[in-house]
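A.B. asks: Pasting in a structure now, in structure tokens, and then I'll have a few things to ask.
Here, each number is a calculation from the coordinates, and none is a lab measurement. If you're wondering where the values come from, they're calculated on a predicted model, not measured in any experiment. Reconstructed Cβ throughout: ideal geometry from the backbone, glycine too, with neighbour counts over all protein chains shown.
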Amino acid sequence: MDRRQLSNRFHKPELLAPAGDLKRAKTAILYGADAVYLGGQFFSLRSRASNFTLEDIQEACVFAKEHGARIHVTCNIIPHNEDFEGLEEYLKKLEEFGVTAIIVASPSIMKLARKVAPKLEVHCSTQMSITNVETAIFMHDVFGIDRAVLARECNMEDIYDITEKCPVETEAFIHGGMCVNYSGRCTLSNRMTLRDANRGGCAQSCRWAYHLYDGKNEISNDALFTMGSKDLFTADYMYDLMNAGVSSLKIEGRMKTEYYVATIVSGYRHLIDEIYENQGPLSQERLDYHKKQILYGENREVCSGFYAGNANADSLIYHETSNADVNHDFLGTVVGIDGTHVTIETRNKFNTGETLEILSPYNTVRQFHVNSILNAKNEVIETANQPMTRVQIDIPFEVHEKDILRRSR
Ligand code: SF4
């Protein structure tokens, strides 16, 4: 089929965002995520990011429901025999709280969830590396999965083909970290740090800086060697993904900051909405606008992963890189409003006299001039330079709590 022609599967998909804690879950929903995925303290990969207690998960479900959004919970460890303790009770609790889906990488957990918490949708994790139609059909027929999270290693042909022929919904990654090995099927971290990547302990050893030797001679004198992948960035493929009929578009990054979540979610939200309204691909000018907005949230180099075919050498970071590509500074979050007097919880330094921007879920990005800064004692200061303190500035337009203050470089 001609992929540029509008297909009968074209629709507005779910935008699925990551959250490492309750604050980021709420931010993702406010900035436009249709659903948020998070990890509990057990049974989840990225265990260092997974600091949701059962109470947190319950609160996230309540907040999501109030805002018409959904919560997915990762139960995606590759479990050994001793890892099942408490799992049954945990799944029952998730169902009771109103969690929509669990993301699972183990047939045994899929089987158990179906038995003890049948209202939970079961989404087959990317850890199961679904790259073809037959596997997706098998997972549906045998384990009754509701959704296949496709492997990041699928190209666009695979995504069209599986989504058309698979009896369940598909979900595809659109942004964030990539494994240099096969979607986390990697024991590098286990071997280097004794931390099991497939039980939530990946130390991202692929991104470390290594001295590289050719026999006895070091050949990495000028720049240490890394083998991590650049981050995935798919604005150029958004129309294709929507036209293929993919049900959910997933952003990676449960360890990322609130600023990253707000900016990336907001960027893709606007891009998806505009493609849907347009019922077709955007002009290059509009696409470039959205790409710039999304990349305000990114501080690593980016690539298109496997969507254009096999990821090639350009998708890897061979040497330590700086943050030279960063095009923004996250300066703080709005935490109080009294007319035009706005209280900011600071993150990075800014000065009187600068032109800054407000990113908000309720408006387009707006700029203003900082005329003065007051510290917590109501004293005029030239520079706000203490992170995580509160200062007051005047902003000449309406802002909301959780709006983000940033500087464009
Ligand atoms: S070490 Fe790198 S490739 Fe391996 S699981 Fe961790 S992030 Fe993925």
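A.B. asks: With unit charges on the beta carbons (Lys and Arg positive, Asp and Glu negative) and the dipole taken about the Cα centre of the chain, which residue among PRO167, ASN8, THR257 sits farthest to the positive side?
C.D. replies: Of the listed residues, the answer is THR257.
A.B. asks: Can you work out ³J(HN,Hα) from phi for every residue in the stretch 386-392, in order, using Karplus 6.51 cos²θ - 1.76 cosθ + 1.60 and θ = phi - 60°, giving whole Hz and x for Gly and Pro?
C.D. replies: 10, x, 6, 10, 10, 10, 10
A.B. asks: Counting other Cβ atoms within 10 Å of each Cβ, which GluC sites (Glu not before Pro) in the stretch 262-355 have at most 14 and sit in a DSSP loop? Mind dumping the intermediate values first?
C.D. replies: Working: sites: GLU274, GLU277, GLU285, GLU298, GLU301, GLU320, GLU345, GLU354; in loops: GLU298, GLU301, GLU320, GLU354.
Sparse-neighbourhood loop GluC sites (Glu not before Pro): GLU320, GLU354.
A.B. asks: Let me know the charge dipole size of the chain about its Cα centre in debye, to the nearest 20, where only the beta-carbon of Lys, Arg (+1) and Asp, Glu (-1) is charged.
C.D. replies: On the way: 44 positive and 56 negative charges, 96 e Å.
I would put it at about 460 debye.
A.B. asks: Give me a comma-separated list of calculated 3J(HN,Hα) values for the stretch 240-246, in order, Karplus coefficients 6.51, -1.76, 1.60 applied at θ = phi - 60°, integers in Hz, x for any Gly or Pro.
C.D. replies: Once θ is set to phi - 60°, the couplings for the stretch 240-246 become 4, 5, 6, 6, 6, x, 4 Hz.
A.B. asks: Let me ask something additional. Each residue of the stretch 166-175 in order: what ³J(HN,Hα) in whole Hz does its phi give by Karplus 6.51 cos²θ - 1.76 cosθ + 1.60, θ = phi - 60°, with x for Gly and Pro?
C.D. replies: Ordered by residue, 3J(HN,Hα) equals 7, x, 10, 4, 10, 10, 10, 6, 10, 7 Hz.
A.B. asks: Still on this model: Can you grab the distance from the C-alpha centre of the stretch 171-230 to the C-alpha centre of the stretch 294-363, Å, no decimals?
C.D. replies: A separation of 24 Å, based on Cα centres.
A.B. asks: For LYS377, which lysines qualify as cross-link partners when the Cα separation must be under 24 Å and same-chain residues fewer than eight apart are set aside?
C.D. replies: Answer for LYS377, where 24 Å is the Cα cut-off: LYS349, LYS402, listed by chain and number.
A.B. asks: Pick out which of THR234, THR340, THR126 has the largest mean-square fluctuation in a Gaussian network model of the chain, springs linking Cα atoms closer than 10 Å.
C.D. replies: Residue with maximal mean-square fluctuation among THR234, THR340, THR126: THR340.
A.B. asks: Rounded to the nearest 0.05, what FRET efficiency do GLU88 and ARG366 give with R0 = 45 Å and r taken as the Cβ-Cβ distance? Could you check? Don't skip to the answer; put the middle values down first.
C.D. replies: On the way: r = 50 Å, r/R0 = 1.12.
Given R0 = 45 Å and the Cβ-Cβ separation, E is 0.35.
A.B. asks: Same structure, new question: Within 10 Å of each candidate Cβ there may be at most 10 other Cβ atoms; applying that plus a DSSP loop requirement, which trypsin sites (Lys or Arg not before Pro) in the stretch 202-259 survive? It would help to have the intermediate numbers written out before the result.
C.D. replies: Numbers: sites: ARG207, LYS216, LYS230, LYS250, ARG254, LYS256; in loops: LYS216, LYS230, ARG254, LYS256.
Sites meeting the loop and neighbour criteria: LYS216.
A.B. asks: Specify whether the C-alpha gyration tensor of the chain places it in the rounded, prolate or oblate class, a ≥ b ≥ c being the square roots of the eigenvalues: rounded for a/c under 1.5, otherwise prolate if a/b is larger than b/c and oblate if not. Present the calculation step by step, with values, prior to reporting the outcome.
C.D. replies: Working: a/c = 1.45, a/b = 1.34, b/c = 1.08.
It comes out rounded by the Cα gyration axes.
A.B. asks: Evaluate the relative contact order of the stretch 328-408 (contact order divided by residue number), counting alpha-carbon pairs under 8 angstrom at least 6 apart; express in whole percent.
C.D. replies: Working: 203 pairs, mean separation 35.3, N = 81.
Over the stretch 328-408, the number comes to 44 percent.
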